[in-house]
Amino acid sequence: MSAVTERLDLLAPEPSRLAIVRMVILNRPSTIAAVCLILVFVAIATAAPLIAPYDPLAQSYIKINQSPSWEHWLGTDQFGRDVLSRMIYGSRNSLIIGVLAPLVAAIIGTTLGVVAGFFGGIIDRVISRLVDLLISFPELLLAIIIAAALGGGFWNIVIVLAAAFVPNFARVARAQTMAVRAEPYVEAAVASGVTQLRIIMRHIIPNIAAPIVVLMTLWTASAIRLEASLSFLGLGTQAPQPSWGNIIRDGLNNLFGSPWPVIGAGLAITSVVLAFNLLGDTIRDVLDPETSP
Amino acid sequence: MGHFLLRRLFDAVPTVLLVLTLVFAAMRILPGDPALAALGDNALPEQLAAFREQFGLNQPLWRQYLDFLGGVLTFDLGRSLLHSRPVLEMLAHALPFTIELTIVATFIGVTIGVPLGVLAATRRNRLPDSGVRLFSLVGYAVPDFYLGALLLITFSLNLGLFPISGGGEGFWDRMYHVLLPAITLAFLKAAFIGKLTRTSLLEVFGKDYVRTARAKGAREGRVIYRHALRNALLPLTTGLGISLLATLSGSVAVELVFNRPGIGTLLIGAISERDYAVIQGGIIVFALLVVFVNLLIDLLYIAVDPRLRVQA
Amino acid sequence: MTAAVEDRPLLRVDRLSVEFGGPAARLRVVDEVSFDIEAGETVGLVGESGSGKSITALSILRLVPEPPSHLAGGRVLLDGVDLTTLPRDQLPDIRGRDIAMIFQEPMSSLNPVQRIGDQVAEAILLHQKLDAASRRARVLDLLRLVGIPDPSRRIDAYPHQFSGGMRQRVMIAMALACNPRLLIADEPTTALDVTIQAQVLALLRDLKTEFGTAILLITHDLGVVAESCQRVVVMYAGRVVESGPVRAIFRNPSHPYTRALLQSIPRLDEERRRLHQIPGNVPPPGPLRAGCAFHTRCAERLLRCATDRPPMMQLGGGHQAACWLAGPMAQAPMAQAVTP
């Protein structure tokens, strides 16, 4: 263990958490703005039942395709549903999937990567070949292909997105594991007969955690954007459940209705993705300057 | 060069095989009965049996796999149940629209992105640089289908300047139809290429050979375009590959927005109609396009970097 | 007219100062450096790494990126024309035509994606009106001149197909393309093997005798200076500490730093003596310093060395040293101590 801390000290004198936070805040006001925006969206998602003016699913045939008014700030859609309420509820979907999909991908991808990097040999060759192939596919295309087979719905989206992200996590985890595996203190542990599982848990995982966390935050923005894309394509969140992608889909299917659902939902996606991108970049620069997406 | 091309093509064979295997696996091994999925929950048992018979689903898996590979190799991708047309014919009709969109979008994106990157790199930390940074931040965040929807609402619906849907007939009409979707996809591309050009150029500016060029008496324009940019093309080629693939996948949603008769629209339509053979065919086309783009980028490297030519 | 030309050197560097950084943290890396180069002579610019010799050389052609660097004073006169005040867009006319430069790193100084023939040809293209065919013929001549075997085949090769020594020859060919009057060679042999070093230096000497090109040879190696130069300028921490004819400096080094440098040259006739080392390190560049830059490491320092900057003491025959001890009084015992 002392070897580990020694190595870290050599690499960089670790400043205190507080110092890091101060540095980030001083250098990047955009990060504060991003965090505030994310907090606002989290609050909206959490308090959705309290602040949404209407039931997001309630249809009303006398109120279809209304333009924004005091009663309906963003107007109503072709089923007379309140668009603002649908957007507020839609934020839950986006944020939960934005956190969940990278998390699942991290767990599966890290397991694959660590196994490949630690054991090497034929296992490594098989996993690496597959990862190399999948990584050459854009995530959206991969997600569309898997969603085509799986179908939509909340858990399927999580699985689809996680599956699309897994290769990225596996690749980073594998490279990092191989680097740590070659460290003298790990070699020594192997030689002295410490069980492999113990070495992985004690030495490998703690040492590769930082880049994996960075990767998770970087993929959050992508997950939110991809969920919206899939829902827009009809492969994600299924109607009538509200999702930002769905709202745009409905808005476009109703071309001669009000443009406000499309504009509003798109702005929401753009600002959340922008905020998470900014935050992800900052976290990467602080935690792990060497990983790039 | 020709020798290298052959070898590289040969290397792609196992990749294609693996891709096809994965498509097969995705279509057959994932949970759910394809027959049930295709025909819906209230299909009659006879219908299900007929469906399984037609697609060979009652054969053993290895047999299905070989039939599948054989079908792909002989360009026999089956028939669409709903449209009763050969899948290959439908794909052949749709593919040009997707390729056209990708090419025009790439052209626009590169023509805007590269000069933006040069501007940002040469005016580092000044107004143009901040502008490009902001542009790339927004470009990364705006979903392409949203941007497409905004353009469609503004220019096609409200101003009536562009068509609302379709792919067009004849060259000029097709260009007219492709323009808005291409601009949509080019936005993200320009942001990405612009940022990449800036980073690569700034790195190259510090290189010794750029100083050599200045010491020779080359003027700034020549230093930037002949020496620096030419070398920045190496990382840019990688970026071009990534952005080509992003455009390809982005084209699915954008085709849907503009109702273009491309592969994306075909695939998404088939998924919602559960048109099994068309889904499979669409996926195969996309997968092969990805393999092809990666191959193309590898060849582009050779063209751009003479150091890679000797090993060939 | 002739008289005016005679007393005007080809290049005069006059109290040149270069600083890095903004007003908050200003680092002076070149501090009032002065020296002359006469037409056709070879001048050695000597110092350890960090002495500012490379920045001085690059500043002559204004090749140091601005920012972060900026000129903090002084002049660089080429035939009486001040290059430091020349408009930026006129510099390319001087570079490569009147003054050419070769660099320390032949491996990275050539553009990796251009054929070497095209790179040499570009130097011609930029300054002379020649058609493509005569340009190519000229490139072949140049490649032959610098000793590249089989030039008609090698002209279309890329830099990665050349060894380090061959690349440096290409650099030299490129630099000579327009018959410059001054060639600045910034540690041209540092990155090369010893045998190749000797070949490249020999090549430079031959070219000088053949074309009468003046050379400013930047090096940390006094052995190279002894072989190749007529005059030498010794720099330490951004300042010139001593300059003069090679013979005078080797016989009678008048600055303690020069003496220390001379003692650190390994000699064949001596037994395996440890390299003489100067205690301490070159001070990192800082803001403008008072006193002598070397006083922190000097074994012979006086009290005033820390506070008063020593002026250039004229020692006769163009030999000068910036040391309070370099007067005629202090000279005799020192000279005895070092004469080999």
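The values are calculated or read from the model by the stated rules, or taken from the named source; none is laboratory data. Quantities reported herein were computed from a predicted structural model and do not represent experimental measurements. Don't worry about glycine lacking a Cβ; one is built from the backbone with ideal geometry, like all the others, and counts go over all protein chains shown. In case anyone asks, the SASA skips ligands and DNA or RNA and just uses the protein heavy atoms, side chains included. Shrake-Rupley method; radii C 1.70, N 1.55, O 1.52, S 1.80 Å.
Observations on the model:
- C:Ile102 vs. criteria crowded, with 20+ Cβ neighbours inside 10 Å and over 21 Å from C:Val240 (Cα atoms): yes
- Failed condition for C:Leu58, given (1) open to solvent by 50 Å² or more (accessible area, probe 1.4 Å); (2) closer than 30 Å to B:Leu229 by Cβ: (1)
Conditions tested, residue by residue: (1) within 7 Å of chain B (Cβ to nearest Cβ); (2) at pLDDT below 90.
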residue	(1), (2)
A:Thr220	no, no
A:Leu235	yes, yes
A:Pro261	no, yes
A:Thr291	no, yes
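- Only residues that are within 14 Å of chain C (Cβ to nearest Cβ), over 12 Å from B:Ala121 (Cβ atoms), open to solvent by less than 50 Å² (accessible area, probe 1.4 Å) and not hydroxyl-bearing (Ser, Thr, Tyr) were counted across region B:169-209, and they come to 1.
- Contact map, region A:133-153: residues that are more than 18 Å from A:Arg171 (Cβ to Cβ) and at the interface with chain B (Cβ under 7 Å from one of its Cβ atoms) paired with residues that are modelled with pLDDT under 80 and surrounded by fewer than 23 Cβ atoms within 10 Å (Cβ to Cβ), Cβ distance under 7 Å, separation 6+ or inter-chain. Pairs shown: A:Ile145/B:Ala26; A:Ile146/B:Ala26; A:Ala149/B:Ala26; A:Ala149/B:Met27; A:Ala149/B:Leu30; A:Leu150/B:Leu30.
- Flag for A:Glu71 being within 24 Å of B:Leu245 (Cα to Cα) and open to solvent by 30 Å² or more (accessible area, probe 1.4 Å): no
- Of the helices (runs of 4 or more DSSP H) entirely within region A:25-121, those holding at least 2 residues that are within 21 Å of A:Trp244 (Cα to Cα) and of a type in the set (Val, Ile, Thr) occupy A:29-46, A:83-119.
- Residue count for region B:219-230, restricted to those that are buried (at least 23 other Cβ atoms within 10 Å of the Cβ) and either at the interface with chain C (Cβ under 7 Å from one of its Cβ atoms) or of a type in the set (S, T, N, Q) (or both): 1
- Hey, B:Thr238 polar (S, T, N, Q), farther than 26 Å from B:Gly71 by Cβ, more than 8 Å from every other protein chain (Cβ to nearest Cβ) and open to solvent by 30 Å² or more (accessible area, probe 1.4 Å) or not: yes
- Among the candidates B:Leu9, B:Leu88, the residue that is closer than 25 Å to B:Ala246 by Cα and at pLDDT 85 or above is uniquely B:Leu88.
- Looking only at region C:73-99, and only at residues there that are assigned to a strand (DSSP E or B) and surrounded by 22 or more Cβ atoms within 10 Å (Cβ to Cβ), the one that is farthest from the other protein chains (Cβ to nearest Cβ): C:Val76
- Answer from A:Thr282, A:Thr270 - the residue that is out of contact with any Gly (no Cβ under 7 Å at 6 or more places or on another chain), in a helix (DSSP H, G or I) and without any contact (Cβ under 8 Å) to a residue 60 or more places away in the chain: A:Thr270
- B:His83 meets all of the listed conditions (1) modelled with pLDDT of 85 or more; (2) touching an Asp or Glu at 6+ places or on another chain (Cβ under 9 Å); (3) not assigned by TED's automatic domain parsing to the domain that holds B:Phe171 but one, namely (1).
- Which numbered condition B:Gln280 misses (of (1) open to solvent by 20 Å² or more (accessible area, probe 1.4 Å); (2) in contact (Cβ under 8 Å) with a residue 24 or more places away in the chain; (3) under 17 Å from B:Phe145 (Cβ atoms)): (3)
- Counting the residues of region B:257-312 that are of a type outside the set (A, V, I, L, M), within 14 Å of chain C (Cβ to nearest Cβ) and in contact with a Leu (Cβ under 8 Å, 6 or more places away or on another chain) gives 2.
- B:Val132 vs. criteria buried (at least 20 other Cβ atoms within 10 Å of the Cβ) and at pLDDT below 90: yes
- Spans of helices (runs of 4 or more DSSP H) in region B:207-312 with at least 3 residues over 30 Å from C:Val64 (Cβ atoms): B:229-257, B:263-273, B:276-304
- Selected residue (only one of C:Gln168, C:Gln199 is assigned to a helix (DSSP H, G or I) and open to solvent by 10 Å² or more (accessible area, probe 1.4 Å)): C:Gln199
- For region C:169-192, the criterion of being over 23 Å from C:Leu61 (Cα atoms), among the aliphatic types (A, V, I, L, M) and in contact with a helix residue (DSSP H, G or I) (Cβ under 6 Å, 6 or more places away or on another chain) is met by at least one residue.
- The set of residues in region C:220-272 being at pLDDT below 85, under 12 Å from the mean Cα position of the chain (by Cα) and surrounded by 23 or more Cβ atoms within 10 Å (Cβ to Cβ) consists of C:Val225 alone.
- A:Ile127, sole failed condition from (1) modelled with pLDDT of 90 or more; (2) touching a Pro at 6+ places or on another chain (Cβ under 9 Å); (3) open to solvent by 20 Å² or more (accessible area, probe 1.4 Å): (2)
- The helices (runs of 4 or more DSSP H) falling completely within region C:111-155 that include 1 or more residues that are in contact with a Pro (Cβ under 9 Å, 6 or more places away or on another chain), buried (at least 18 other Cβ atoms within 10 Å of the Cβ) and within 14 Å of chain B (Cβ to nearest Cβ) map to C:116-127, C:132-145.
- Enumeration of residues in region B:139-154 that are modelled with pLDDT of 90 or more and either open to solvent by 40 Å² or more (accessible area, probe 1.4 Å) or outside the structural domain of B:Leu179 (by TED's automatic domain parsing) (or both): B:Leu150
- Any chance C:Glu48 is touching a residue at least 40 places away in the same chain (Cβ under 8 Å), charged (D, E, K, R) and outside any strand (DSSP E or B): yes
- Filter result for B:Leu150 (within 14 Å of chain A (Cβ to nearest Cβ), assigned to a helix (DSSP H, G or I) and free of Cβ contacts under 8 Å to residues at least 24 places away in the same chain): yes
- In region A:235-265, the residues that are aromatic (Phe, Trp, Tyr) and surrounded by fewer than 18 Cβ atoms within 10 Å (Cβ to Cβ): A:Phe256
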